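Written out below as structure tokens is the structure these notes cover.
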Amino acid sequence: MKSSASLCSLIEMAKANALEPHAYLREVFVRLLQVKTLVEMEQLLLWRAAAVSAGTI
């Protein structure tokens, strides 16, 4: 139950940040396999992705 609630929350937050949820989650899952540092992990956070998508970073 918690995992489905977390996934629903991620989807809704992606939508709220003007991201396409499926594309965002796919990118995160692919990039998670390549993460080697905390900085790389932080770049996958939703608000970082939204800022990059908006061109503010």
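Could you tell me which residue of the stretch 5-57 is modelled with the lowest pLDDT, considering only residues that are aromatic (Phe, Trp, Tyr) and touching a helix residue (DSSP H, G or I) at 6+ places or on another chain (Cβ under 9 Å)?
Of everything passing the filter in the stretch 5-57, TRP47 is modelled with the lowest pLDDT.
Scan the stretch 10-27 for residues that are hydrophobic (A, V, I, L, M, F, W, C), more than 10 Å from the chain's Cα centre (by Cα) and either surrounded by 12 or more Cβ atoms within 10 Å (Cβ to Cβ) or in a helix (DSSP H, G or I) (or both) and jot them down.
ALA16
The values are calculated or read from the model by the stated rules, or taken from the named source; none is laboratory data. Please read these numbers as outputs of a predicted model, since none were measured by experiment. Every residue, glycine as well, gets a Cβ built from its backbone with ideal geometry; the counts of neighbours run over all protein chains shown.
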